[in-house]
Amino acid sequence: MKKTTTRLADGRELIYYDAEDTADAVVRDAVDRRPLEPVATHSELRQDRLLGDTVAIASHRQGRTYHPPADECPLCPSTQDRLSEIPDTDYEVVVFENRFPSLAGDAGRCEVVCFTSDHDASFADLTEARARLVLDAWIDRTRELSQLPGVVQVFPFENRGKEIGVTLGHPHGQIYGYPFVTPRTSLMLRTLAEHRERTGRNLFDDVLADEIADGRRIVLSSEHWTAFVPHAAHWPYEVHLFPNRRVPDLLALGEDARAEFPRVYLELLRRFDRIFGPDQPPTPYISGWHQAPFGEPARRDFGLHLELFTIRRTSGKLKYLAGSESGMGAFINDVPPEAAALRLREVASQ
Ligand SMILES: [Zn+2]
């Protein structure tokens with residue numbers, strides 16, 4: 001992999017990732033010719049006094065780009081006449097600091113990851129080689145962001161589909177470097193410690209072993225990865241992808257598991273698009289990596305995994321987070337996890 005780091009006109013960092021690192025590899029020296037003002041961001045972290053969790057107040061985001069027409073896409077490469085966020089006229093994978101970050105400065109960092117210069121593609125359309133380059137970029141960003149003083153947890157994720165609230169159609173994901181341990185990770189760390197106390201064993205190891213032994217919720221398994229619908233899935237179709245050998249984060253993931261990941265992940269995404277039948281629009285989904293926070297004593301017990309889920313529950317119908325979920329955090333799921341797993345096995349590629 002070849003990595004080229006540059007700066008946009010307003011000072012934000014942009015990094016090109018290219019698969020080939022050879023003497024005649026592509027040179028990324030295009031300059032951002034836009035007359036951009038330096039970014040002014042004022043993220044503020046506030047503590048909820050009753051719950052104890054953290055809320056980022058980011059008022060500068062109200063003016064962010066919202067569903068621009070395709071010929072004004074800020075994530076397409078630049079052309080002679082049209083300047084975008086990416087100065088070069090082509091790219092493979094590119095990462096840059098978000099101009100409208102939810103977290104910035106001492107309050108963390110937000111980055112955008114473009115998976116391809118093809119505006120009309122989606123992650124599921126990528127080749128295995130390109131998906132591997134995205135994985136390598138996620139690993140590199142996890143390493144880089146972990147070294148920033150304010151960052152304790154790195155969350156690479158993708159929101160796909162306007163139903164999820166995606167404001168740009170170009171295939172892309174994001175990476176949040178949080179300056180605190182997120183509420184869901186805090187809950188997992190607490191459950192992990194309780195399980196260790198009660199049984200002397202590791203919770204992630206036990207969950208994976210139990211799902212394999214039960215078998216009903218397994219979606220696919222390969223030499224280095226297992227995908228299953230969790231026993232108490234929160235979402236209509238939800239898959240957790242675990243490496244068979246537990247590691248705390250992407251940095252610790254072995255080369256064998258890295259090499260096999262693209263095939264497994266692309267297959268899962270393609271199955272997601274087939275859940276509701278061929279005449280349905282692409283399945284909206286959220287996909288994200290759960291990694292151990294840095295500096296946590298319990299991090300070595302944490303199990304890296306990817307969680308992929310859709311908010312669509314049946315053709316043309318979305319699962320809304322209504323009173324019980326939004327008001328109380330108590331989920332009600334209309335699709336039995338065993339039925340979801342069965343469907344996700346039925347739609348396997350031949
Ligand atoms: Zn585009």
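The values are calculated or read from the model by the stated rules, or taken from the named source; none is laboratory data. Quantities reported herein were computed from a predicted structural model and do not represent experimental measurements. Here Cβ is always computed from backbone atoms with ideal geometry, including for glycine, and neighbour counts include all displayed protein chains. Accessible surface areas use protein heavy atoms only, side chains included; no ligands, DNA or RNA. Shrake-Rupley method; radii C 1.70, N 1.55, O 1.52, S 1.80 Å.
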Which ³J(HN,Hα) values, rounded to whole Hz and listed in residue order, are derived for the stretch 305-314 from phi using the Karplus coefficients 6.51, -1.76 and 1.60 in 6.51 cos²θ - 1.76 cosθ + 1.60 with θ = phi - 60°, glycine and proline given as x?
7, 10, 10, 10, 8, 10, 9, 7, 9, 7
Per-residue HN-Hα couplings for the stretch 149-159, Karplus 6.51 cos²θ - 1.76 cosθ + 1.60 at θ = phi - 60°, whole Hz, x for Gly and Pro?
x, x, 9, 10, 8, 10, 10, x, 8, 10, 9
Figure the gain on full extension for Thr79 and Thr127 (residue separation times 0.36 nm, minus the Cα-Cα span) and round it to one decimal in nm.
14.8 nm
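Dipole of the chain, Cα-centred, from +1 at each Lys and Arg C-beta and -1 at each Asp and Glu C-beta, to the nearest 20 debye?
940
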Given that compact globular proteins tend to follow 2.2 N^0.38 Å, what is the ratio of the alpha-carbon Rg of the stretch 237-350 to that value?
1.22
Would you grab the residues whose amide H sits under 5 Å from the one on Asp53? Only those 5+ places off in sequence or on another chain, please, with H modelled 1.01 Å from N.
Asp48
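Note down the relative contact order for the stretch 261-350 as a percent, whole number, built from C-alpha pairs under 8 angstrom at least six residues apart.
So the answer I get is 28 percent.
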Rounded to whole Å², per residue accessible area for the chain with a 1.4 Å probe reads 48
Calculate the all-directions average of the projected area of the chain's alpha-carbon convex hull, and give it in nm².
19.1
To the nearest 0.05, what FRET efficiency results for Ala348 and His119 with a Förster distance of 35 Å applied to their C-beta separation?
0.75
Placing each pseudo-label 7 Å from Cα in the direction of the beta carbon, Arg274 and Ala339 end up separated by a distance in nanometres of 2.1
Given the options Ala193, Ala40, Tyr265, identify the residue whose Cα lies farthest towards the positive end of the charge dipole of the chain (+1 on Cβ of Lys, Arg; -1 on Cβ of Asp, Glu).
Ala193
Asp88 long-range amide H proximity, modeled H, under 5 Å
Ser78
Expected sort for 15-24, 106-115 on mean C-beta neighbours within 10 Å, highest first, is 106-115, 15-24
